[in-house]
Each structure stands twice: as structure tokens, then as C-alpha cells.
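Enquirer: Below is one structure. I have some questions about it.
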Amino acid sequence: MKNRLLTLLTTIALALLLSPLVNAQKFNQELATGSVLEVIKKRGAVKIGMSTFIPWAMRDKNGQLIGYEIDVATRLAEDMGVKAEFVPTAWDGIIPALLTGKFDIIIGGMSITPERNLTVNFTAPYANSGTQMVANKEVAAGFNSLDDFNKPEVVLTARRGATPATAAKRLMPKATLRQFDEDALALQEVLNGKAHAFVTSTPTPAFEALKHPDKLFLPIAEPFVQGAEGFALRKGDPDALNFFNNWILLRQQDGWLKERHDYWFKTRDWAGQVVE
């Protein structure tokens, strides 16, 4: 009788111990099945949300997408054994588009910020950039500090919804900030003398100053905000986050990310491919 009772109690105890493990295993299997990685593998393509920022992503003379982001996303797709499908999207609507499933991931030079991180998950940084400005030589003559630009009569331009626009508001709150949907429009205001400076990510200010030495200059030589860029994906997908983090780690370790970053950000060997 005692042996039967002992056996029964042991069986009940084992069942109680194993039940959470079985449930946990079932939960993990459901998570894996629901990962965007499975969607990508079944589709045979990864859909990438992006927007055009020189030299992150831009159109060449034949209308094809080129740039650092394009190289990164294309290599990622190759390593996954799938195709890369790019989905150009207006920057101020790119996170909502991700959340509604228009694409699988954002690879678009998106800076990691606490505000964005409340809505999406970010991978580890795969690139580091900074915020800088390029100014009109005539309108901003003698300006060489943030204080010089932080005045009510000063007009700044920036890309709508981008991190440099946020930095401009925070660091130069007294200035008037005009936001545009495209970098080219924001820059044109400065070239036309209708704005003092264009606030954007490096290395664009240096490149534009070299292209227009008679009209533009760098009032502050170094970036005044440092940034870190990561892939953005929907929350609740630990398997995808793990995969993309490890992909970035491996491509950092083998030097591929640095080689591509140096090509696009430290040279202008690619400039002949695009319309100036």
C-alpha cells in the first residue's frame, strides 16, 4: 500500500514538474513558427523598408538603387538564401509601414533612439554616423558654433522625421526649422540662400561642401551628435532579433561591414554612378 502511494505521489510530482517544461517548449515552438524568418524563407524574399539618403541609398544614372544600405541588405539576403525586395517608403511613415506588415525589416540608416525603441526592436548597431550641418557661405558668414545658429532669425532645414531634425530642435530651439520630405529639397533652400544651414547625417555635409565650394562650407568641423544605426523590426520576434544580431556580429568580425562602410562614407569613388 505504501509503495503504491509512493508511486502515485512520485507520478503526480513528475507531472507537476514536467507540465511547465512541456508548456514552455510548446510556447517556444509557436514563437519560432511565427517568426518573420519563417515568412521570409517561405516567400523566398526579404522585404526591406528603406528611404533614399546619400550615401545610404540612392538611385544611379540607370535608376537602380545603390548605396551602403543596398549593399548591406543585398548581402543579408544572399546569406539567407533569398532575394532582396526593396520597398521605398517616405521616412516619416516608415515605422507605421513596418508595423502594418508592408515589409519585414527596416534597413535604412535608422538611428537607435529611446522613442523609436518603444515601438520597434533594434538590432545591435551595424553602422555609426553623426549629425552635422553644411551652411551657406554668404548667409551664415562668420558662424562657427551652435550658439551662432541658435537665434530666431536663423533658418535651418532638415529631412522630415529624421534624427537630425530632432537634434536641430533640441540643440538650436530658437532657430526656425523647415522640414522637407527629401534631402535634395532641404539642401536646395540653403543653396538658394533661403536658409542658413542644412542639418543632416554625415558624410553628406562634407560631400556637399566639396561639391559646392563657392556656396557652402562646414561651420563646425566635427559632428555635434554621434549616432548608432540598427535594423528595425517588429516586437515579439526573438528569433529574428537573434539572427540579425548574429549576422551583424559575423560581418563585423570578418571586416565586410567596415569595408563597405569605408567605401561609401570615406571615398567618393561611387560618385560617377549618380547624377550630381
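Values in this text are rule-based calculations from the coordinates and carry no lab data. Note that the coordinates shown come from a computational prediction; the quantities given were computed from them, not determined experimentally.
Enquirer: Could you grab the relative contact order for the stretch 130-226? Cα pairs under 8 Å, six or more apart, rounded to a whole percent.
Expert: Taking the mean separation of contacting Cα pairs over the length of the stretch 130-226, I get 46 percent.
Enquirer: Taking a threshold of 20 Å on the Cα-Cα distance, which of the pairs K151/K194; K47/K235; K83/K235; K137/K211; K61/K137; K102/K258 fall above it?
Expert: K83/K235; K61/K137; K102/K258
Enquirer: To continue, here is another question. So what does the Cα-only Debye profile of the chain read at q = 0.11, 0.12, 0.14 Å⁻¹, as log10 I(q)/I(0), no solvent term?
Expert: -0.68, -0.78, -1.00
Enquirer: Per-residue ellipticity at 222 nm for the chain, helices alone: DSSP H runs ≥ 4 residues times -39500 (n - 2.57), over residue total, nearest 500 deg cm²/dmol?
Expert: Calculated from helices alone, the mean residue ellipticity at 222 nm is -13000 deg cm²/dmol.
Enquirer: Going through the DSSP H helices of the chain, which span 20 Å or more along their own axis at the Cα atoms while scoring at least 0.0 as a mean Kyte-Doolittle hydropathy?
Expert: Those that clear 20 Å and a mean of 0.0 are 2-33.
Enquirer: Can you give the Rg/Rh ratio of the stretch 130-226, where Rg is from the C-alpha atoms and Rh is the Kirkwood radius?
Expert: 0.90
Enquirer: Want the number for L185 to F207: 0.36 nm per residue separation, take away the alpha-carbon distance, what's left?
Expert: 6.3 nm
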